[in-house]
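Reviewing the structure listed below.
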Amino acid sequence: MRILLVSPESKVWNSRAHLHNGLGYLAGSLLANGYADVTLHDGAVEEVSVAQALDRALAEKRPYDIVGVSAPTVLITQAWEAAREAKARGAVTILGGPHLTLQPDESMQKPEVDLVVRGEGEDTIIEILHILEDGQSVNDARLRHILGLSWRDAAGKVIHNLDRPLRPDLDNIPLPAYQLFKIERYTNLNPLTDGLDPHARAYTVVTSRGCPYKCTYCSKPITGDTWRARSVENVVKEWRMLVHEFRATEIGLTDDIWNLDLKRAKALCRALIDAKLNTVPWVTIHGMKVNHTDLELFQLMKAAGCKRVGFGVESGDEHILKRVVKKSQTFDQVRAAFKHARRAGLQTMGFFIYGMPGETEATMEKTTQLALELDPDLANFMIAAPYPGTELWKLVEKEGILFSHNWDDYAIHSDKAHFQVGDLTAELVERKWHEAYRRFYFRPSRLARRLMMRDTWRNLPQRARDAARFFLGAKASAGAR
Ligand code: B12
Ligand code: SF4
């Protein structure tokens, strides 16, 4: 069977292109189960469209039998388009990923979608292929036994099978098929602090899945509310492979919360040092929470090769942080984490949200003040985006007005407010958001630092577009990177 796994091309603003670990895991599972003919098509880096890739395969008389498409909420429209192209060329279409887990029925109403996989897909896809490779149709009654699958029976009725329990034994899941990524086309992990390297060999690693916290804006449809960790040995095995076999130039952790167990986090750092894997720089993307840190952890991280940490700070207002975002952390913990990380010699990133329900000009001002006080190397200011299934979504549905039901408009880095609750107007949120970028980055010290970076001049058109978008309120050009 020929299998194509697709991540559709994104129109969401992003300065970087990361590999898609979910597709890597699916491919790893397929290869480990004897399905050897697997191709990845990551729209973030491909030169041809999905339709062109499918046509090429047809012209070579080696059409794809199965096309699996992955989608978070913001990419679902493009995922349907990819499915239409695939279906038109005779392939079975399977959709999976965060949005499909949240809203499976919506996609099952589309004739171009044959099957929807909800939740973790490594086992589900194998069970589906076992049935389809017997020459059975996508309406075969045996599909009813596959957990986490939505399908249509012979009469065309949509059936949502029971959910698949989360796999507890992460160590036994085959590692991502890193060899299938066109790694030289991905960027380094944070061009905004390091300058854009369009040919970095940057890999991402998931050391644990899930998070028990319940921040009201956070959408965790796949990894869930429990925390499952891989063993330190298992992670080090993967790390060793990335450094020695795949010649990684940078590694990023993309867990929901990699440091929930502080002892394990330290053990991982010690193991990386012992294995002499601290030669390749690594960063945490944002899956690190301030209230599970201490100075020793940051010192160990530094010794293990880490160069940068990122924390969700979210709000500078106590009520918004505790009662609206429900972040379960204190300002003292935030300040201590930044102080300790800096003392250990790590660069810092901070994430801040504007426009949560109940916010006022004064609460958003406190957030900007906190960002200025913490002064991370990189500050990411985001306008609150309500993803389906989150507490924020439920609250906006009940008490507010959602401006758009078009999933394309749900990017966190969008410069438009997504909703209005009570007296908080979109105009105020957008003004405070732009103002935060201006006040943070237009300080003389920041400007000087930016102007000293080679990247600013080497990628001048892109950097000028970014500046217009963040500081002035200009619309980004679609798909800008
Ligand atoms: C790393 C990461 C990124 C990276 C890389 C994204 C990527 N291409 O993988 C970057 C930084 C680029 C990114 C960007 C964004 N991200 Co992001 N990201 C993550 C993060 C932290 C980890 C993803 C991961 O590796 N998961 C682990 C793997 C194993 O899981 P997976 O990818 O979901 O795949 C499994 C299943 O979903 C399923 N599956 C997936 N696809 C398919 C396809 C088929 C056919 C099948 C059968 C199964 C299947 O099987 C896989 C294996 O079990 C998640 C949080 C999380 N825990 O998932 C957020 C998350 C996915 N991101 C999110 C968001 C909102 C975004 C942005 C929209 C933010 C923005 N800029 O506005 C953008 C979207 C950009 C884009 N084009 O996708 C949300 C999505 C919520 C939603 N409802 O869609 C999440 C869940 C974070 C959160 N908690 O809110 N992200
Ligand atoms: S934002 Fe982070 S800490 Fe909060 S629930 Fe999501 S993953 Fe957990």
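General observations
- Condition check for Leu260: outside any strand (DSSP E or B) and within 16 Å of ligand 1 (Cβ to nearest atom): yes
- Selection within the range 392-437 - hydroxyl-bearing (Ser, Thr, Tyr) and surrounded by fewer than 16 Cβ atoms within 10 Å (Cβ to Cβ): Ser404, Thr425
- Subset of the range 274-289 [under 24 Å from the mean Cα position of the chain (by Cα) and more than 16 Å from ligand 1 (Cβ to nearest atom)]: Val280, Pro281
- Residues satisfying the stated conditions in the range 238-291, i.e. polar (S, T, N, Q) and at pLDDT below 95: none
- Hits in the range 216-228 - residues which are in contact with a Lys or Arg (Cβ under 6 Å, 6 or more places away or on another chain) and either over 25 Å from Ala385 (Cβ atoms) or surrounded by 20 or more Cβ atoms within 10 Å (Cβ to Cβ) (or both): Thr223, Arg228
- Taking the criterion of being buried (at least 17 other Cβ atoms within 10 Å of the Cβ) and either without any contact (Cβ under 8 Å) to a residue 24 or more places away in the chain or not polar (S, T, N, Q) (or both), the residues of the range 99-109 that qualify are His99, Leu100, Leu102, Pro104, Met108.
- Selection within the range 291-334 - among the acidic types (Asp, Glu), touching a residue at least 24 places away in the same chain (Cβ under 8 Å) and away from ligand 2 (no atom under 16 Å from the Cβ): Asp294, Glu296, Asp317
- So Asp255, is it surrounded by 21 or more Cβ atoms within 10 Å (Cβ to Cβ), part of a loop (DSSP other than H, G, I, E, B), among the acidic types (Asp, Glu) and within 14 Å of ligand 2 (Cβ to nearest atom): yes
- Filtered residues of the range 233-273 (kept if within 19 Å of Ala344 (Cα to Cα) and out of contact with any strand residue (DSSP E or B) (no Cβ under 9 Å at 6 or more places or on another chain)): Leu262, Lys263, Ala265, Lys266, Ala267, Leu268, Arg270, Ala271, Ile273
- Residue match in the range 290-299 (condition: within 16 Å of ligand 1 (Cβ to nearest atom) and either surrounded by 23 or more Cβ atoms within 10 Å (Cβ to Cβ) or outside the structural domain of Ala344 (by TED's automatic domain parsing) (or both)): no
- Residue list for the range 403-426, filter: at pLDDT below 90 and acidic (Asp, Glu): Asp408, Asp409, Asp415
- Yes/no for Asp255 being under 24 Å from Ile222 (Cα atoms), under 23 Å from the mean Cα position of the chain (by Cα), more than 16 Å from ligand 1 (Cβ to nearest atom) and in the same structural domain as Lys302 (by TED's automatic domain parsing): no
- Across the range 180-196, not a single residue is classified as acidic (Asp, Glu) and within 16 Å of ligand 2 (Cβ to nearest atom).
- Any hit, the range 232-244, residues being within 11 Å of ligand 1 (Cβ to nearest atom), assigned by TED's automatic domain parsing to the domain that holds Val283 and either under 21 Å from the mean Cα position of the chain (by Cα) or part of a loop (DSSP other than H, G, I, E, B) (or both): no
- Residue that is nearest to Pro72 (Cα to Cα), among those in the range 8-41 that are of a type in the set (Gly, Ala, Ser) and modelled with pLDDT under 95: Ser10
- Annotation note: Cβ proximity below 6 Å between a residue of the range 437-466 that is at negative phi and a residue that is among the aliphatic types (A, V, I, L, M) and modelled with pLDDT under 80 (sequence gap 6+ or interchain) occurs for Arg465/Ala480.
- Lone unmet requirement of (1) acidic (Asp, Glu); (2) over 20 Å from Lys327 (Cβ atoms); (3) within 13 Å of ligand 2 (Cβ to nearest atom) for Glu238: (3)
Conditions (1) within 14 Å of ligand 1 (Cβ to nearest atom); (2) in contact (Cβ under 8 Å) with a residue 40 or more places away in the chain; (3) surrounded by 17 or more Cβ atoms within 10 Å (Cβ to Cβ), marked per residue:
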| position | (1), (2), (3) |
| --- | --- |
| Ser150 | yes, yes, yes |
| Asp153 | no, no, no |
| Ile159 | no, no, no |
| Tyr178 | yes, yes, yes |
| Val206 | yes, yes, yes |
| Lys214 | yes, yes, no |
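This table checks each residue for (1) among the acidic types (Asp, Glu); (2) within 20 Å of Gly121 (Cα to Cα); (3) free of Cβ contacts under 8 Å to residues at least 40 places away in the same chain.
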| residue | (1), (2), (3) |
| --- | --- |
| Leu175 | no, yes, no |
| Asp194 | yes, no, no |
| Asp225 | yes, yes, yes |
| Thr249 | no, no, no |
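- Criterion applied to Thr348, Thr363 was being under 23 Å from Gln420 (Cβ atoms) and crowded, with 18+ Cβ neighbours inside 10 Å, and the one residue passing it is Thr363.
- Selection of the range 116-126 for residues being touching a Gly at 6+ places or on another chain (Cβ under 9 Å) and not in a loop (DSSP other than H, G, I, E, B) yields Val116, Val117, Glu122, Asp123, Thr124, Ile125.
- Among the residues of the range 108-121, those identified as of a type outside the set (Val, Ile, Thr) and under 15 Å from Val67 (Cα atoms) are Pro111, Glu112, Asp114, Leu115, Gly121.
- Just one of the listed residues (Ser315, Ser328) is touching a helix residue (DSSP H, G or I) at 6+ places or on another chain (Cβ under 8 Å), of a type outside the set (Lys, Arg), at pLDDT 95 or above and at positive phi, namely Ser328.
The values are calculated or read from the model by the stated rules, or taken from the named source; none is laboratory data. Predicted model only: the values in this text are computed from it and were never measured. Methodologically, a virtual Cβ is constructed for each residue, glycine included, from the backbone with ideal geometry; neighbour enumeration extends over all protein chains shown.
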